[in-house]
Amino acid sequence: MRIPLIAGNWKMYKTVGEAIEFARELISFALPDSCKVVICPPATAIFSLWEAFRGTSIELGGQNMHYSVEGPYTGELSPAMLREAGCKYVILGHSERRQYFAETDRAVSKKALSALENSLIPIVCVGETLEQREAGLTSEVISGQFRDSLQGLTAGQITGVVLAYEPVWAIGTGKTASDIDAQQVNGLIRKLLVEKFGSEAAEKVSIIYGGSVKPDNVRQLLAQPDIDGALVGGASLDAKSFAEIIIAAGVNK
Ligand code: PGA
């Protein structure tokens, strides 16, 4: 059985002080233990949050990483650094990284392999733009990103990966994909997993959805058979709305 996963992507929001304030507020809510909760803060706040969440089941993730263990790469973070600061997860290939920092599928696959080798769970993001959707290219784009971003992974390794479908047109726009549209793509990803890794491995992989997830739409999204959780941007910045999302997800599955 796949346990629902709710991950908050804070992007470039919150100082250390603001992050600690958020943690205090979040743990004051009665959160269900029926889903996994992950917060991916800016790197500066990871260690302080790890301390603030100690004794709870809330986990932390990075928003990006370099595939090397160490090296002369100014401004980058290695998987070992993320691990030691308190991360269990790392988001890879987010559309903002692809769009603004020229991250390619090839780079995502190297990072995914490196994350796995260094005991981090990669959350690998795929998603089409509005132009691609309107041109009827959604399946083609998702299939291509799936193939190239997961290149070199084995069936044993894929079960340690989380996949996130994030339609670019739904990120930060307030436009959520309908539960039917999201299920269609998450279902396609499950089918691609079966073809590439076999059905036993495919059934174990969590496929989450991201793009304007809010307390009032999360339940409907998670009711779909292949939507195993949510990657939440804007609504994860407010402790109350993030708690409401976790609570709604907890009663859903
Ligand atoms: P959003 O962002 O929830 O603000 O749309 C989602 C994401 O970028 O992961």
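The values are calculated or read from the model by the stated rules, or taken from the named source; none is laboratory data. Here the structure is a predicted model, which is why all the values come from computation and not from measurement. With ideal geometry, Cβ positions are generated from the backbone for all residues, glycine too; neighbour counts draw on all protein chains shown.
Checking each residue in segment 121-134 for being within 13 Å of Asp148 (Cβ to Cβ) and either of a type in the set (S, T, N, Q) or surrounded by fewer than 17 Cβ atoms within 10 Å (Cβ to Cβ) (or both) picks out no residue at all. The helices (runs of 4 or more DSSP H) falling completely within segment 126-234 that include 2 or more residues that are away from the ligand (no atom under 16 Å from the Cβ) map to 130-134, 138-149, 155-158, 179-197, 199-204. Residue pairs whose Cβ atoms lie under 7 Å apart, sitting 6 or more positions apart in sequence or on different chains, and linking a residue in segment 205-232 that is without any contact (Cβ under 8 Å) to a residue 40 or more places away in the chain to a partner that is assigned to a loop (DSSP other than H, G, I, E, B), are Val213/Thr176.
The residue list Glu70, Glu59, Glu51, Glu76 contains one member that is crowded, with 18+ Cβ neighbours inside 10 Å and charged (D, E, K, R), which is Glu59.
Inspection of segment 19-30 finds a residue satisfying the criterion of being touching a residue at least 12 places away in the same chain (Cβ under 8 Å), farther than 24 Å from Val251 by Cβ and not basic (Lys, Arg). Tell me which residues, restricted to segment 104-120, are surrounded by fewer than 19 Cβ atoms within 10 Å (Cβ to Cβ) and of a type in the set (Val, Ile, Thr). Thr104, the sole residue that qualifies.
Note on segment 84-100: residues that are assigned to a loop (DSSP other than H, G, I, E, B) and surrounded by fewer than 24 Cβ atoms within 10 Å (Cβ to Cβ) total 1. Out of segment 234-247, which residues are touching a strand residue (DSSP E or B) at 6+ places or on another chain (Cβ under 9 Å) and either surrounded by fewer than 23 Cβ atoms within 10 Å (Cβ to Cβ) or acidic (Asp, Glu) (or both)? Answer for segment 234-247, where residues must be touching a strand residue (DSSP E or B) at 6+ places or on another chain (Cβ under 9 Å) and either surrounded by fewer than 23 Cβ atoms within 10 Å (Cβ to Cβ) or acidic (Asp, Glu) (or both): Ala235, Leu237, Ser241.
Per this entry, Ile121 is counted among residues that are more than 15 Å from the ligand (Cβ to nearest atom) and either within 30 Å of Glu84 (Cα to Cα) or within 17 Å of the chain's Cα centre (by Cα) (or both).
Of the residues in segment 222-241, none is at pLDDT below 95 and either in contact with a Leu (Cβ under 9 Å, 6 or more places away or on another chain) or among the small types (Gly, Ala, Ser) (or both).
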